[in-house]
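Just below is one structure, and these are the notes that go with it.
The values are calculated or read from the model by the stated rules, or taken from the named source; none is laboratory data. Computed from a prediction, not measured in an experiment: that's the story for all the values here. We place every Cβ from the backbone using ideal geometry, glycine too, and count neighbours over all the protein chains shown.
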């Protein structure tokens, strides 16, 4: 990440904007009382439009707005006695195991109470967002067509974000700075404005927009009213990526689009995947540099830090002995500027060791497997099946993005929400779906 962001905005702010408190409490009340169809809207609104640095600090504990909404969410679940309806599936169990290992390994690594509290907080975010989403989705998605409602919620809030970021691009002023936590003046690199909206960095804002592209594209295959919404969503997603002027989101966008466009070749995915593996092996043999040397070439805009990402990954591989057990406290000694870990896989390994990284990869693998099973079961309903294919394309875009950025702000909400969505549809529909009650999607 660019150092101005790290130095100026990743600080312990204890002053919170009164408007943010009002919006958060309003969103929390809506979570308690809204019908389950609309319960995600307040969550998505706060995650999209409120900077993560808006938080309340009490006795050393950070209460981000998302954490407050998680508490409201589980209050709703307790009041309505919905706990008994959810049966843990393999992804649920692995998510719990992943967070447990993150806590244990990070605590062993640092050996301080502060480290333990820090991991408790991040695990609360992960499990809170994931399992609240699982409870609501488990109730909501009794019919596979309900996935459209979830995508529409994301689309409704993505459109105004794109408009606001376009205004930021034309004025070089960030509207969300009125809340605090993001800079008022838009950052410029190599003569290009890098808009970020309410996110902590342009790359994270752009990744958010790019990862939603397949979901919006899938609506274009449905009837006319959905096509219009889908086109608006595609334009919004594209606009968000363009205004960030960052290579990472642009490559994530390309990965999302490419994965979605493989839909016509879905019956040959096994051949395509093995072909890709074979191609990587050939590249490794033919290239003078290791395979991850391709990270140096992964840039679209000038000023991209491709060499930094390559050097980081190269040292990560060479220094396996340092981090494999429980991680490493600092990567500063790995090389110049390598304290800046711009890779989600490396971030997880550095903070939790090899076992934590393996669990994380297994979770992603099972999610891809779920998507494969669901869209095959919906093969008789192509315009609906492609919607579930788009979930896999969105997941793939995140796995590509992880090579260029580590997630640390509200984009984490959308990542765990996607995992919960895929987990729900995978283990719910393959058991309960009744095609006789589901007319073909138009």
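Quick look at the values:
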read-out	value
Of the criteria (1) touching a residue at least 24 places away in the same chain (Cβ under 8 Å); (2) surrounded by 12 or more Cβ atoms within 10 Å (Cβ to Cβ), which one residue 294 fails	(1)
Matching residues, the range 258-271, being in contact (Cβ under 8 Å) with a residue 60 or more places away in the chain and under 16 Å from residue 211 (Cβ atoms)	259, 260
Count of residues meeting criterion [surrounded by 18 or more Cβ atoms within 10 Å (Cβ to Cβ), touching a residue at least 40 places away in the same chain (Cβ under 8 Å) and either at positive phi or not in a strand (DSSP E or B) (or both)] in the range 181-202	10
Residue 313 being in a helix (DSSP H, G or I), surrounded by fewer than 19 Cβ atoms within 10 Å (Cβ to Cβ) and touching a helix residue (DSSP H, G or I) at 6+ places or on another chain (Cβ under 9 Å)	no
Count of residues meeting criterion [part of a helix (DSSP H, G or I) and over 30 Å from residue 385 (Cβ atoms)] in the range 97-145	28
Selected residue [in a helix (DSSP H, G or I) and closer than 18 Å to residue 106 by Cβ] from 364, 341, 346	346
Within the range 104-115, tally of residues that are surrounded by 15 or more Cβ atoms within 10 Å (Cβ to Cβ) and over 15 Å from residue 330 (Cα atoms)	1
Close pairs (6 angstrom Cβ cut-off, 6 or more residues apart or separate chains): modelled with pLDDT under 85 in the range 80-96, part of a helix (DSSP H, G or I) and surrounded by 13 or more Cβ atoms within 10 Å (Cβ to Cβ) anywhere	82/135; 86/135; 86/138
Boolean, residue 37 is at pLDDT 85 or above, surrounded by fewer than 16 Cβ atoms within 10 Å (Cβ to Cβ) and touching a helix residue (DSSP H, G or I) at 6+ places or on another chain (Cβ under 8 Å)	yes
Conditions (1) more than 25 Å from the chain's Cα centre (by Cα); (2) at pLDDT 95 or above; (3) within 30 Å of residue 426 (Cα to Cα): number failed by residue 320	(3)
Selection status of residue 156, closer than 19 Å to residue 411 by Cβ, surrounded by fewer than 19 Cβ atoms within 10 Å (Cβ to Cβ) and at pLDDT below 95	yes
Whichever residue in the range 316-346 is closer than 18 Å to residue 295 by Cα and touching a residue at least 60 places away in the same chain (Cβ under 8 Å) and, among such residues, is surrounded by the fewest Cβ atoms within 10 Å (Cβ to Cβ)	340
Qualifying residue in the range 206-224 (condition: within 22 Å of residue 388 (Cα to Cα), out of contact with any strand residue (DSSP E or B) (no Cβ under 9 Å at 6 or more places or on another chain), part of a helix (DSSP H, G or I) and free of Cβ contacts under 8 Å to residues at least 12 places away in the same chain)	yes
Unique match (being closer than 26 Å to residue 222 by Cβ, modelled with pLDDT of 95 or more and either part of a helix (DSSP H, G or I) or touching a strand residue (DSSP E or B) at 6+ places or on another chain (Cβ under 9 Å) (or both)) among 384, 418	418
Selected residue [without any contact (Cβ under 8 Å) to a residue 12 or more places away in the chain and under 20 Å from residue 270 (Cα atoms)] from 379, 372	379
